[in-house]
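The values are calculated or read from the model by the stated rules, or taken from the named source; none is laboratory data. Computed from a prediction, not measured in an experiment: that's the story for all the values here. Here the Cβ is made from the backbone with ideal geometry for all residues, glycine too, and neighbour counts use every protein chain on show. Each accessible area value is taken on the protein alone, full model and side chains, heavy atoms only, with ligands, DNA and RNA left out. Shrake-Rupley method; radii C 1.70, N 1.55, O 1.52, S 1.80 Å.
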Amino acid sequence: MGHIARLCLVLACVLPSLRAQAPPVPQAKIDAAIDLGIAHLLELYQDGEGRDPRVKPGAAMTLTDRTGLRALVVYTLLKSGVSLHSPVVEKLVSHLGSERFTSNYDVSCMLLALVALDPVGQRGWIDELTTYLVKHREQAGDFGYPGGGDLSNTQFVAFALHAAASVGVAIPVEVWSDLARAVSGYHFKDGGFGYMAGTPSSNTMTAAGVGVLAICEIELARAGALDDDTARSMRRARAEGLEWLARLPAFGSETMHGGWLHYFLYGLERVGDLTTIDTIGDHDWYNEGAAYLVDAQDAHGDWPGTYERAPTLFALLFLARANAAVRTGARFAPTTGPRPRPFQHTAGTDVAGGAMLDAEGTRTLRMWVTRLVSPANAAYEWPEEHGRGPHVALVEYLLDDKTIEVALGDPERPAGDQRFACEHRNIAPGHHRLTAKVHVCQPGARDAKGVRSAHGDNPSGPAPEDHIITTNGVEIDVDEGAPAAVDEPGYDPDLDLVLRSHAKASGSSVLSKLSGWDATFTAHHVIDGTPRSAWIAALEDEHPLLNVRLEEAQRGNVVRIALARLVPRSPDVLTLPREISVSINGAAARTISIDSDTRTWFELKLDRSKLVNSIEVRLIGRQAQNSTVGIGEVALFLESK
């Protein structure tokens, strides 16, 4: 062998270890890059719509053309540590509230933003967007624009539905099982994933495929619907995808990833944090990506891209580790007041001292397990891994014996001191008990892909079940006065008969101007399919009256009315009426009492279905003096009894 060949062989063996040993990027540099990127976005979107400050005054506006892009800005700002009360965030959400979302990309980005913003106060909107996504699945179970599935749309929708599920929105279990099967069609023989059937494997789509399968496993486990065969199939595909990614020479290389590098890093962050892994092969995935991004940021705080439309957003989401349950850095450290006192933790019940459960918080609950490396767990450690802990497939966290969160493990490696942290938001008021189940792979029973190993006790038989280490519970008390999300049927504009009828609306008066808002409040907004755009009566109008006339009569039996609420928060000048009086086709009016200030919709059910030509609504009384009232939407549905 020649000297050059020997040198190449030595380098091939040494360079991976050198890369793995590269010093971590100082957190101070990462925080500085995040701060500079945030400052750039806050300046760019200071008017709530978006304008590049480097463009000369009077020139055409730049990249602000999609509602979904601005929704992704909201999500990025919130996940980067910007307050939900930031004027820029409020202006962005205010503008987005009056717009219709008609593509899966846009709906997904808005859903992510709302869950990060206010999962209780915006529950009605969250339900509405979730309904849209579930309804617009492709036949195979994946997602397109809609119209023909692709893995990129599917990735965004899966992230969004996972976020909605994490705050208590009910999503049919078949959405996850169908999605898992559909994604297998994007998984190719080389282990990678492609954009569509017949397209080659790529870094962006392999990260997407692994991330979506991780979400499917989490959600199926949360629903109690994860059977062993499905789990093995998804873990095998995920392991092969990770092996494909591990063969890449670098995760922070503009030349290798072309114009989609930042989007790739966005997907990579999801993979790393969803599967709770620090390395992919010999790649320290976060350190490699962070090192590149810190150096590549320009003086404006931007990350220039080529094909991508949102490189700065993707870069910030990566640096801030938007999907991680436990986040680090100065921006996320508590600055004032004492840290919440953790609940008392106790030892595991299967084996004394085998696992411990910690938790802190109440409505937002952070939970994790410790003491997986323990003499009590030595029987579950694999050969030659003594003292490194068992291999963990997943950890279930149960509230009152119902699974609320799932953290995935890496069946290929011992757990060590990993804590499998999760966060759960919006726990209902009352007394609860939290427990955990740690699913560990039996030694020698499965390989890295979740398949039975040839070294098992019975290689020809079925793979054994994971062993489960359980923990004792911790008691949690949530203040009865804490706000809770109201479970209501989501609004589906496709079923709203008023929108089919070419309706016209008129009101007794209109609020001409509202300080801090540049929207209009005319009566047309009650028939535009967007409950957050509103008709608001003038302050001096003591008897507000709205009339909706359907030019094409529609047969219906349920009238739903959304009262005026502006997002992200209503001004003090806007209140709720005490009652709503509704007249159909000029008949005797019926009254609806406003008995809750948390509900989005109030409904009137007719005794039987009838052709509806007109709906007249009177707003009676006001729940606050010196305020006005209004209506966000008037809808008509035909529902089976």
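In square nanometres, what is the average projected area of the Cα convex hull of the stretch 107-245?
Value for the stretch 107-245: 7.8 nm².
Note down the accessible area of H524, probe 1.4 Å, to the nearest 10 Å².
Solvent-accessible area, nearest 10 Å²: 110 Å².
Starting from 0.36 nm per residue, how many nanometres of slack lie between A428 and D400 once their C-alpha separation is accounted for?
Fully extending the segment from A428 to D400 adds 8.9 nm.
Could you give the nm distance between label points at L84 and E488, where each point is 7 Å from its Cα heading toward the beta carbon?
In this crude spin-label approximation the distance works out to 1.7 nm.
Run the quick spin-label model on Q623 and A379: label points 7 Å from Cα toward the beta carbon, then report their separation in nm to one decimal.
5.8
Keeping the other protein chains in place, figure out the carbon and sulfur percent of the accessible area of the stretch 546-641, with a 1.4 Å probe.
It is 41 percent, rounded to a whole number.
Please list E138, E480 from largest to smallest accessible area, probe radius 1.4 Å, with all protein chains kept in place.
Output order, biggest surface exposure first: E480, E138.
Heavy atoms of the protein only, probe of 1.4 Å, neighbouring chains included. What is the accessible area of R137 in Å², nearest 10?
70
State to the nearest 20 debye the size of the charge dipole of the stretch 108-174 about its Cα centre, where the only charges are +1 on K and R beta carbons and -1 on D and E beta carbons.
80
Averaged per residue, what accessible area in Å² does the stretch 155-195 show with a 1.4 Å probe, protein chains only?
33
Can you pull the percent of the stretch 120-246's accessible area that's carbon plus sulfur, 1.4 Å probe, other chains left in place?
C and S atoms contribute 53 percent here.
Taking R0 as 51 Å, what FRET efficiency do you get between N613 and A246 from their Cβ-Cβ distance, rounded to the nearest 0.05?
Result of the calculation: an efficiency of 0.20.
Can you compute the charge dipole magnitude of the stretch 573-634 about its Cα centre, using +1 on each Lys and Arg Cβ and -1 on each Asp and Glu Cβ, nothing else charged? Give it in debye, rounded to the nearest 20.
With only Lys, Arg, Asp and Glu charged at Cβ, the dipole is about 140 debye.
Could you work out how much longer the chain between Y145 and D479 gets when fully extended? Use 0.36 nm per residue separation minus the Cα distance between them, nm to one decimal.
Gain on extension, Y145 to D479, equals 116.0 nm.
Roughly how much of E551 is accessible, in Å² to the nearest 10, using a 1.4 Å probe?
110
Where nothing but the Cβ of Lys and Arg (+1) and of Asp and Glu (-1) is charged, how large is the charge dipole of the stretch 97-217 around its Cα centre, in debye to the nearest 20?
Roughly 80 debye, rounded to the nearest 20.
Could you pull out the pairs from K189/K437; K79/K189; K79/K402; K504/K610; K135/K437; K135/K605 whose alpha carbons sit more than 30 Å apart here?
From the list (K189/K437; K79/K189; K79/K402; K504/K610; K135/K437; K135/K605), the Cα-Cα distance tops 30 Å for K189/K437; K79/K189; K135/K437.
Where the centre of each part is set by its Cα atoms, how far does the stretch 106-175 sit from the stretch 567-626, in angstrom?
29
Take the Cβ-Cβ distance between A32 and D298 as r, set R0 to 22 Å, and report the resulting FRET efficiency rounded to the nearest 0.05.
0.95
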